[in-house]
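Inspection log for the structure reproduced underneath, given as structure tokens.
The values are calculated or read from the model by the stated rules, or taken from the named source; none is laboratory data. Just so it is clear, the model here is predicted, and its values are computed rather than measured. All Cβ positions, glycine included, derive from the backbone under ideal geometry; neighbour counts span all protein chains shown. In case anyone asks, the SASA skips ligands and DNA or RNA and just uses the protein heavy atoms, side chains included. Shrake-Rupley method; radii C 1.70, N 1.55, O 1.52, S 1.80 Å.
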Amino acid sequence: MNKVDDQLLHEVLNEDVKTADAYNIRKNGKSIDRKINSYINIIPKEDSSGIDVYVEENTLFGIVHIPVILTESGLKDVVYNDFHIGKNANVIILAGCGIHNDEHQDSEHDGIHRFFLEEGAKVKYVEKHYGEGKGKGKRVLNPITEITMQKGSNMTMDTVQIEGVDSTVRTTKATLYEDTTLVINEKILTNKKQYAKTEFVVDLNGNNSSTHVVSRSVATDHSYQEFISNITGNDKSYAHVECDAIIKDHGSVKAIPEIYAKNVDANLIHEAAIGKIAGQQLIKLMSLGLSEKEAEKVIIEGFLK
């Protein structure tokens, strides 16, 4: 570990990785440090690159950190991580990837994460993506998240991408059974010629299953974003999807919603709003002495907060 590594870890975790109950640090395609305990176990996969994380049933307020950092230009890293959350366990999982690329070859990390929540389990999953470096090589991140939720389980997923990622395709697929709740909060900022595509596919297969998806994004310069949601209500269920975006300069955003009710008691709602920064907001902040650029920054930060 060096100063660049430490900076990347700070950006994707915002806290010391080693304060967690259990952790696995991955650098340039290899695990370099790991900690486990009696109620959270981390086992390397034998047939592929990645780990299995096992959280014992009835674990209360366990904390797991699984950051990934890339500092080698030209590396394409693919990892398969599975999370097995025991009955009535309550755990916080902090993930995310930081890429430092000072060279001219592209660096890419593709993380495939699968979550298996047993009955009554509760998970808060936080994933932050960050890129930096002076090189012309692209910083590419393509996360895939697959979630299976058994009766009475609950999961909150917070994803953040606010700087330095040139290209990303983010895919989240979830299957919910009886009395389950999935909340997804996404925040994305793109600039220059960056590209970001996110897709949410949620099947509400159980009685009283529900999901709430909120995507807030800002596209500036010549960047492009695409938001796709596909929610299917196969039983008595509830879904609320919100896609709110701000565009400025030559940025562009496309929202493609799809809701499909296959049960008379499926209540599915989708809302989308795309627009520029409100002129009245700018005027109000500029009247306080801020420049137009400073006022825009305040509005964007508040929108993504």
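Key figures
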| read-out | value |
| --- | --- |
| Sequence of 23, 260 when ordered by accessible area, the most exposed leading, probe 1.4 angstrom | 260, 23 |
| Per-residue SASA entry for residue 76, accessible area with 1.4 Å probe, Å² rounded to 10 | 130 |
| Relative contact order [Cα under 8 Å, 6+ residues apart], region 80-169, whole percent | 35 |
| Residue 303 - accessible surface, heavy atoms, 1.4 Å probe, Å² rounded to 10 | 40 |
| Convex hull volume per residue in cubic angstrom - Cα atoms of region 26-89 | 84 |
| Computed magnitude of the charge dipole of region 189-243 (debye, nearest 20; Cβ of K, R +1, Cβ of D, E -1) | 200 |
| Fraction of accessible area attributable to carbon and sulfur, the chain (%, probe 1.4 Å) | 48 |
| Ellipticity estimate at 222 nm from DSSP helix runs (n ≥ 4, -39,500 (n - 2.57)) divided over the chain, nearest 500 | -3000 deg cm²/dmol |
| Cα-centre dipole for region 188-284 with unit charges at Cβ (Lys and Arg positive, Asp and Glu negative), debye to 20 | 420 |
| GNM flexibility winner over the chain from 154, 37, 205 (Cα, springs under 10 Å) | 37 |
| Residue-level accessible surface for residue 57, protein heavy atoms, 1.4 Å, Å² | 110 |
| The chain - charge dipole about Cα centre, Lys and Arg +1 at Cβ, Asp and Glu -1, debye rounded to 20 | 540 |
| Mean separation of Cα contacts under 8 Å (6+ apart) over length of the chain, as relative contact order % | 10 |
| Of 126, 62, 100, farthest towards positive along the dipole that unit charges on Lys, Arg, Asp, Glu beta carbons give region 53-128 | 62 |
| Furthest towards positive pole of dipole, 233, 247, 281, structure part region 221-301, Cβ charges | 281 |
| Fraction in percent of alpha-carbon pairs per bin - 10 Å, region 221-269 | 25, 36, 23, 13, 3 |
| Region 17-170 - percent relative contact order, Cα under 8 Å, separation 6 or more | 19 |
| Among beta bridges that DSSP assigns inside region 22-119, antiparallel share in %, nearest 5 | 25 |
| Distribution of pairwise C-alpha distances over region 9-155, 5 Å bins, in % | 2, 10, 20, 22, 19, 13, 7, 4, 2, 1 |
| Rg/Rh ratio calculated on Cα atoms of the chain (Kirkwood radius) | 0.99 |
